[in-house]
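S.K.: Submitted below is the structure of interest, expressed as structure tokens.
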There are 2 protein chains.
Amino acid sequence: MPKKNIKKSPSQNKKAYHHGNLREALVDAAIDILENEGLKALSLRAVARRVGVSQTAPYHHFKDKEGMLAAVAAKGFMMMEAAQNISIPGEENTAENILALGRGYVTFGLKHPALLQLMFGPEIPDPKNHPELMSEGQKSFNRILEGVTARMDEAGITYVTPSIVTISAWSMVHGLAILLIGGKITPEGVGLNNEEELIEQVANVLHKGLT
Amino acid sequence: MPKKNIKKSPSQNKKAYHHGNLREALVDAAIDILENEGLKALSLRAVARRVGVSQTAPYHHFKDKEGMLAAVAAKGFMMMEAAQNISIPGEENTAENILALGRGYVTFGLKHPALLQLMFGPEIPDPKNHPELMSEGQKSFNRILEGVTARMDEAGITYVTPSIVTISAWSMVHGLAILLIGGKITPEGVGLNNEEELIEQVANVLHKGLT
DNA sequence: GATTCAAACTTGACAATGTAAAGTTGCTCA
DNA sequence: TGAGCAACTTTACATTGTCAAGTTTGAATC
């Protein structure tokens, strides 16, 4: 066995798996493939290949392909949160806060279309089987709920509960993102020049409802 | 060739393919599989098997699997239109008309979750490649636009264009359907007993915005 | 330090899938 | 009648998800 003595120190070895970071590396590689080559190219084997492990290595970190997709979706929620935190620079205006959240949501969707679709799509038929994914989704809801509640208190709106308004708002921004991604609507189709203008106009409708 | 004389009249023969109905039969079978066994089970071969033709027969009617899925999605739009026509029995109240349209949309989504997800999901990465699908989506938009325009005229709303309101409304009902289907929100989660109640409450928010 | 043992990973295999290539069947019209 | 074209079949192959059976390795125990 001549190769035996080629010893790699684990610290030098870029791929120091075996304890620790393979799972994360797989998820990152999966997102990369998803965003650059599309859902069809996102196979377990392609992910393993990209990371440089055997085709069955992922099975030690995910139950099956769906398990991996769920992990990817969960990471998608985290990425969205991170993106939204950037877009709310400690504002105090509650109405503006909500609108910024909504804009951030749609903008994120346009920047990561395949990821957003995966997060809500049929590739993960029953999210209840994936606790991490569920809890990230819940966090997303709560983030919106917080802003909406503050705004409703401030504006003295009582004809509906904050939960209902939150659902309405989330529905709207999510729907808008998906319709744009899917090409069902376009800015040009309604006489606008770009997505930002469209987002702004729809945000106005939402805003009007919160006044 | 002994079988030769077993002559089947095309009209009697249930499977009188060879001119005519194979394409439609394939789409129907695909929807059946999609709704009863899920997206994962929806393979070209499974569809062909169910219809009783060879595995490559579908290629004479669809460019590839994506082509077939696009046809399924297009049919989904048609089914939705049919379902909505039922739910609007010649009403004259324009506001109620729109709400009925919205209710119909969400209800359809809950009845056909996998189909709705396919219609907007990443399995058809670029709908522009599928004219039939695009045109059905356009019809869907126009149907909402019609109702919204009438309502806005009636209510004298001018601070936004009907197109923007249509997009907002479509976004909202679509988002709501998808969030419900994906289990991201539940009626119980906001203290309601069933989907209908939730739909009604969200419809109220929408209605308020159109007053 | 040697031993042991579970966790992390690999090798090899198999059935199912999407799809290309080449052939066959059978309407339809000249 | 027969010629041609569209509808379908057969065969084949690379790729995929996943299972079963190893092998490696890092750390805990003696």
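The values are calculated or read from the model by the stated rules, or taken from the named source; none is laboratory data. This one's a predicted model, so the numbers in the text were calculated from it and none came from an experiment. Here the Cβ is made from the backbone with ideal geometry for all residues, glycine too, and neighbour counts use every protein chain on show. The accessibility values were calculated without ligands, DNA or RNA, using every heavy atom of the protein model including side chains. Shrake-Rupley method; radii C 1.70, N 1.55, O 1.52, S 1.80 Å.
S.K.: From the list B:Gly67, B:Gly121, B:Gly109, B:Gly104, exactly one residue is buried (at least 21 other Cβ atoms within 10 Å of the Cβ) and touching a residue at least 12 places away in the same chain (Cβ under 8 Å). Which is it?
M.R.: B:Gly109
S.K.: Mind listing just one residue for me: the one in segment B:104-121 that is more than 9 Å from every other protein chain (Cβ to nearest Cβ) and hydrophobic (A, V, I, L, M, F, W, C) and, of those, nearest to B:Glu200 (Cα to Cα)?
M.R.: B:Val106
S.K.: Which residues, counting only those in segment B:42-61, are within 21 Å of A:Ala41 (Cα to Cα) and within 12 Å of DNA strand D (Cβ to nearest atom)?
M.R.: If the condition is that a residue be within 21 Å of A:Ala41 (Cα to Cα) and within 12 Å of DNA strand D (Cβ to nearest atom), then B:Ser43, B:Leu44, B:Arg45 are the ones that fit.
S.K.: Is it fair to say A:Ala57 is small (Gly, Ala, Ser), within 30 Å of A:Leu145 (Cα to Cα) and more than 14 Å from chain B (Cβ to nearest Cβ)?
M.R.: Considered against the rule, which asks whether it is small (Gly, Ala, Ser), within 30 Å of A:Leu145 (Cα to Cα) and more than 14 Å from chain B (Cβ to nearest Cβ), A:Ala57 comes out as no.
S.K.: Oh, and also: What about B:Asn194, is it within 7 Å of chain A (Cβ to nearest Cβ) and open to solvent by 30 Å² or more (accessible area, probe 1.4 Å)?
M.R.: Against the criterion (within 7 Å of chain A (Cβ to nearest Cβ) and open to solvent by 30 Å² or more (accessible area, probe 1.4 Å)), B:Asn194 does not qualify.
S.K.: For segment A:97-145, which residues satisfy the criterion of being under 17 Å from A:Asn85 (Cβ atoms) and among the charged types (D, E, K, R)?
M.R.: A:Arg103, A:Lys111, A:Glu136, A:Lys139, A:Arg143
S.K.: Keeping to segment B:118-140, report how many residues are of a type in the set (Lys, Arg) and under 13 Å from the mean Cα position of the chain (by Cα).
M.R.: So the answer is 1.
S.K.: Can you tell me which residue in segment B:145-191 is surrounded by the fewest Cβ atoms within 10 Å (Cβ to Cβ), limited to those that are away from every other protein chain (no Cβ under 11 Å) and hydrophobic (A, V, I, L, M, F, W, C)?
M.R.: Result: B:Ala155.
S.K.: State whether the residues of segment B:103-117 include one that is under 12 Å from the mean Cα position of the chain (by Cα) and farther than 24 Å from A:Ile167 by Cβ.
M.R.: No - not one qualifying residue is present in segment B:103-117.
S.K.: Let me ask something additional. Mind checking which pairs have a first residue in segment B:34-45 that is within 10 Å of another protein chain (Cβ to nearest Cβ) and a second that is more than 13 Å from DNA strand D (Cβ to nearest atom) and not in a helix (DSSP H, G or I), Cβ under 8 Å, 6 or more apart or different chains?
M.R.: These pairs meet every condition: B:Leu34/B:Leu42; B:Gly38/A:Pro122; B:Leu39/A:Pro122; B:Leu39/B:Glu123.
S.K.: Another question, if that's okay. Restricting to segment B:128-143, name every residue that is open to solvent by 10 Å² or more (accessible area, probe 1.4 Å), facing chain A (nearest Cβ under 8 Å) and not aromatic (Phe, Trp, Tyr).
M.R.: B:Lys128, B:Met134, listed by residue number.
S.K.: Here's a follow-up. Here are the criteria: (1) open to solvent by 10 Å² or more (accessible area, probe 1.4 Å); (2) modelled with pLDDT of 95 or more. Tell me which single one A:Gly76 does not satisfy.
M.R.: Looking at each condition in turn, A:Gly76 falls short on (1).
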